[in-house]
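K.L.:
My questions will all concern the structure given below.
The values are calculated or read from the model by the stated rules, or taken from the named source; none is laboratory data. Predicted model, so just to flag it, every value in this text is computed and none were measured. When we count neighbours, we look across all protein chains shown, and the Cβ atoms used for this are built from the backbone with ideal geometry, even at glycine.
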Amino acid sequence: MPEAMQKLKVLFLCTGNSCRSQMAEGWARHLKSDRIESYSAGVEVHGLNPHAVRVMAEVGVDISGHRSKHLDEVRHIPFDYVVTVCDDAHERCPLFLGRARIMHVGFDDPPRLARNAQTEQEALSCYRRVRDEIRRFVESLPDSLKTQNM
């Protein structure tokens, strides 16, 4: 494959790789698999969030086979971009050797937003909002990666 046609390797990094980074990886695989080879990981491992799986399934994106991964599991991959999707991961993001460019696009934490929800539907609406925000970001890829301030 000519260099211009190679897929960009993009890592979506979050604190626990349970929700936002998983949704971003799922959207990228669903919407941009022709241009992006997507991965997700966390600076910690918190397990896959079942509400994230549920709201992604509602829009036809199956992330139920994903698992929460620590950054060390994917460190060997020569990423083009590392996108931190939460402030904590952005602050704790380690240096990446090689050509990886690190950018931050923060999204609200659905579990934190849903903490005081009175009903399951109210809680899920928090997840849906963030899911849709992540979708809009992923739809802008890869062009937005090249124009974003790192």
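K.L.:
Test each condition in (1) touching a residue at least 40 places away in the same chain (Cβ under 8 Å); (2) among the hydrophobic types (A, V, I, L, M, F, W, C); (3) surrounded by 20 or more Cβ atoms within 10 Å (Cβ to Cβ) for Val74 and report the one that comes out false.
P.N.:
Status for Val74: all satisfied but (3).
K.L.:
Cβ-Cβ distance below 8 Å, separation of 6 or more or different chains: which pairs start in region 16-30 with a residue that is at positive phi and end on one that is surrounded by fewer than 24 Cβ atoms within 10 Å (Cβ to Cβ) and among the basic types (Lys, Arg)?
P.N.:
Asn17/Lys69
K.L.:
Just to be sure, is Lys32 out of contact with any Gly (no Cβ under 8 Å at 6 or more places or on another chain) and at pLDDT 95 or above?
P.N.:
On the way: out of contact with any Gly (no Cβ under 8 Å at 6 or more places or on another chain): yes; at pLDDT 95 or above: yes.
The answer is yes for Lys32.
K.L.:
How about region 33-68: which of its residues are in contact (Cβ under 8 Å) with a residue 40 or more places away in the chain, surrounded by 17 or more Cβ atoms within 10 Å (Cβ to Cβ) and part of a loop (DSSP other than H, G, I, E, B)? Talk me through it step by step, then tell me what you get.
P.N.:
So the first thing to find is which residues in region 33-68 are in contact (Cβ under 8 Å) with a residue 40 or more places away in the chain, and the list is 35-36, 39, 42-43, 49, 51-52, 54-56, 58-59, 63, 66, 68.
Right, trim to surrounded by 17 or more Cβ atoms within 10 Å (Cβ to Cβ) and you get 36, 39, 42-43, 49, 51-52, 55-56, 63, 66, 68.
Answer for region 33-68, where residues must be in contact (Cβ under 8 Å) with a residue 40 or more places away in the chain, surrounded by 17 or more Cβ atoms within 10 Å (Cβ to Cβ) and part of a loop (DSSP other than H, G, I, E, B): Val43, Asn49, Ile63, His66, Ser68.
K.L.:
I need a count of the residues in region 69-92 that are within 18 Å of His104 (Cβ to Cβ) and assigned to a helix (DSSP H, G or I).
P.N.:
Looking only at that region, the number is 7.
K.L.:
Tell me yes or no: at least one residue of region 81-103 is modelled with pLDDT of 95 or more and within 19 Å of Val138 (Cβ to Cβ). Spell out the reasoning first.
P.N.:
Step one: list which residues in region 81-103 are modelled with pLDDT of 95 or more, which gives none.
No; the residues of region 81-103 include none that is modelled with pLDDT of 95 or more and within 19 Å of Val138 (Cβ to Cβ).
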